[in-house]
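J.: One structure is given below, represented as structure tokens, and several questions about it will come after.
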Amino acid sequence: MSKAQLGGQFTFPGTSLTVHRIGYGAMQLAGPGVWGPPIDPDAAVAVLREAVAAGVDHIDTADYYGPHVTNQIIRQALSPYPSGMVIVTKLGGRRPPDKSWQPATSPEELAAGVYDNLRNLGLDALDIVNYRVMGSGHGPEERSIAEQLAVLADLRRKGLIRHIGVSNVTAAQVAEAQALTDIVCVQNNYNLAHRDDDALIDDLARQGIAYVPFFPLGGFSPLQSSTLSSVAARLSATPMQVALAWLLHRSPNILLIPGTSSVAHFRENLDAGQLTLSPHALAELDGIGAEAEAVKS
């Protein structure tokens, strides 16, 4: 797989970390509901090894996936890690026995999360840690994150974290975080139909900061659009491949972390990096966001 087929490359600002723009999101390696071990542990290991063999060098994870399970599978499959591999993890959440998703925001919980990640991944330091703001709803909630960013900055000074990002945040929270420490990436909900972060993406692109969409294919409710299906049919591609290709075309600072537990599905995702979208196709796809807004209103 060539660099072009993996979407080209991106260097996180102020770092020596350069990755291909198509990476891999590890959330689906855990069992159903992102809880417990996978149904097929061998398949989980296989998809990670397939990713590395294809040239993927950016894996997104969190120790509360499972919990602990996903990171342990990553370590089993890939340790000792290939040179140049960048593992990005998250803090700010926990999974109690009732399988819910709860905030973990105190200094003690954040520090414990770092040590959990280090232990389960088998690392001495974490390349990039995103502070994930866990809200009561589906989107970001406007509140101060200064206390949590100060904790992460202290953990970086201690050498446990190399670089810091933020996730599920508003533009104001990004600015607040940047006033406290250097931010190398922002990870938010964004895709063809969910375009709330358009202005933020453009602002981050001007600063050379990575934007990493989670739910790039719509998440648990996959993207459905007659326009998307029509463009895909003309390109002899799947709608999901076109949705990923659109994100690569959207802005050069966008990095993709589509997740799957299937080697075949993983290969399909990678093929999105080979799609070329014409100006006409891009214009058609850009209209999907407006259609989705009209439905919501």
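J.: Residues that are touching a helix residue (DSSP H, G or I) at 6+ places or on another chain (Cβ under 7 Å), touching a residue at least 12 places away in the same chain (Cβ under 8 Å), of a type outside the set (A, V, I, L, M) and under 30 Å from Val45 (Cβ atoms): does the stretch 279-286 have at least one? Quick ask: steps written out before the conclusion?
T.: Taking the stretch 279-286 and keeping what is touching a helix residue (DSSP H, G or I) at 6+ places or on another chain (Cβ under 7 Å), we get 281-282, 284-285.
Then keep just the ones that are touching a residue at least 12 places away in the same chain (Cβ under 8 Å); that gives 281-282, 284-285.
Next, only the ones that are of a type outside the set (A, V, I, L, M) stay: 284.
Those still in the list that are under 30 Å from Val45 (Cβ atoms) too: none.
The answer is no; no qualifying residue exists.
J.: Looking only at the stretch 126-149, which residues are aliphatic (A, V, I, L, M), modelled with pLDDT of 95 or more and surrounded by 14 or more Cβ atoms within 10 Å (Cβ to Cβ)?
T.: Our first condition is that a residue be aliphatic (A, V, I, L, M); within the stretch 126-149, this holds for 126, 128-129, 133-134, 145-146, 149.
Applying the additional criterion that residues be modelled with pLDDT of 95 or more yields 126, 128-129, 133, 145-146, 149.
The answer is Leu126, Ile128, Val129, Val133, Ile145, Leu149.
J.: Checking the conditions here, which among Val19, Val45 is part of a strand (DSSP E or B), surrounded by 14 or more Cβ atoms within 10 Å (Cβ to Cβ) and not acidic (Asp, Glu)? Quick ask: steps written out before the conclusion?
T.: On the way: Val45 fails: part of a strand (DSSP E or B).
From the options Val19, Val45, the qualifying one is Val19.
J.: The conditions are (1) closer than 28 Å to Pro32 by Cβ; (2) in a strand (DSSP E or B); (3) not charged (D, E, K, R), and Ile164 fails exactly one of them. Which is it?
T.: Evaluating Ile164 over (1) closer than 28 Å to Pro32 by Cβ; (2) in a strand (DSSP E or B); (3) not charged (D, E, K, R) leaves (1) as the failure.
J.: Of the conditions (1) at pLDDT below 95; (2) over 19 Å from the mean Cα position of the chain (by Cα), Gly8 satisfies every one except a single condition; which number is it?
T.: (2)
J.: Could you tell me which residue of the stretch 198-215 is farthest from the chain's Cα centre (by Cα), considering only residues that are of a type outside the set (A, V, I, L, M, F, W, C) and surrounded by 21 or more Cβ atoms within 10 Å (Cβ to Cβ)? Steps first, please.
T.: Taking the stretch 198-215 first, the residues of a type outside the set (A, V, I, L, M, F, W, C) are 198, 202-203, 206-208, 211, 213.
Next, only the ones that are surrounded by 21 or more Cβ atoms within 10 Å (Cβ to Cβ) stay: 211, 213.
Numbers: Tyr211: 9, Pro213: 6 Å.
The residue in question is Tyr211.
J.: Hey, another quick one. Does Gly92 satisfy the condition of being of a type in the set (Gly, Ala, Ser) and crowded, with 22+ Cβ neighbours inside 10 Å? Show your work before the answer.
T.: Values: of a type in the set (Gly, Ala, Ser): yes; crowded, with 22+ Cβ neighbours inside 10 Å: yes.
When the stated conditions are applied, Gly92 passes them.
J.: Can you tell me which residue is nearest to Ala30 (Cα to Cα) among those in the stretch 102-114 that are surrounded by 12 or more Cβ atoms within 10 Å (Cβ to Cβ) and without any contact (Cβ under 8 Å) to a residue 40 or more places away in the chain? Show your work before the answer.
T.: Pass one, the stretch 102-114, residues surrounded by 12 or more Cβ atoms within 10 Å (Cβ to Cβ): 102-107, 109-114.
Now restrict to residues that are without any contact (Cβ under 8 Å) to a residue 40 or more places away in the chain: 102-103, 106, 109, 112.
Working: Gln102: 18, Pro103: 20, Ser106: 26, Glu109: 22, Ala112: 21 Å.
Looking at residues that are surrounded by 12 or more Cβ atoms within 10 Å (Cβ to Cβ) and without any contact (Cβ under 8 Å) to a residue 40 or more places away in the chain, I get Gln102.
J.: Any idea which residue in the stretch 204-229 is nearest to Glu293 (Cα to Cα), counting only those that are of a type outside the set (A, V, I, L, M) and at pLDDT 95 or above? Can you show your working first?
T.: Of all residues in the stretch 204-229, those of a type outside the set (A, V, I, L, M) come to 206-208, 211, 213-216, 218-222, 224-227, 229.
Narrowing the set further to residues that are at pLDDT 95 or above leaves 206-208, 211, 213.
Working: Arg206: 26, Gln207: 28, Gly208: 28, Tyr211: 22, Pro213: 18 Å.
Taking the candidates together, the pick is Pro213.
J.: Same structure, new question: What number of residues within the stretch 216-244 satisfy the criterion of being in a helix (DSSP H, G or I), surrounded by fewer than 17 Cβ atoms within 10 Å (Cβ to Cβ) and touching a helix residue (DSSP H, G or I) at 6+ places or on another chain (Cβ under 8 Å)? Quick ask: steps written out before the conclusion?
T.: As a first pass, look at the stretch 216-244 and keep what is in a helix (DSSP H, G or I): 226-234, 239-244.
Right, trim to surrounded by fewer than 17 Cβ atoms within 10 Å (Cβ to Cβ) and you get 226, 229-230, 233-234.
With the extra rule that they be touching a helix residue (DSSP H, G or I) at 6+ places or on another chain (Cβ under 8 Å), the set shrinks to 229-230, 234.
Looking only at that region, the number is 3.
J.: While we're on this one: Would you check if Ile39 is under 18 Å from Ser261 (Cβ atoms) and either touching a His at 6+ places or on another chain (Cβ under 6 Å) or surrounded by 21 or more Cβ atoms within 10 Å (Cβ to Cβ) (or both)?
T.: Details: under 18 Å from Ser261 (Cβ atoms): yes; either touching a His at 6+ places or on another chain (Cβ under 6 Å) or surrounded by 21 or more Cβ atoms within 10 Å (Cβ to Cβ) (or both): no.
For Ile39, the condition - under 18 Å from Ser261 (Cβ atoms) and either touching a His at 6+ places or on another chain (Cβ under 6 Å) or surrounded by 21 or more Cβ atoms within 10 Å (Cβ to Cβ) (or both) - is not met.
J.: In addition: Just for the stretch 120-155: of the residues that are closer than 19 Å to Ala210 by Cα and either of a type in the set (D, E, K, R) or part of a loop (DSSP other than H, G, I, E, B) (or both), which one is nearest to the chain's Cα centre (by Cα)?
T.: Arg132
J.: A further question on this structure: Taking only the stretch 115-125 into account, find how many residues are surrounded by 14 or more Cβ atoms within 10 Å (Cβ to Cβ) and either of a type in the set (Asp, Glu) or touching a Ser or Thr at 6+ places or on another chain (Cβ under 7 Å) (or both).
T.: Residues that pass the stated criteria total 3.
The values are calculated or read from the model by the stated rules, or taken from the named source; none is laboratory data. Quick caveat, the model's predicted, so the values are computed rather than measured. No Cβ is skipped: glycine too gets one built from the backbone with ideal geometry, and neighbour counts run over all protein chains shown.
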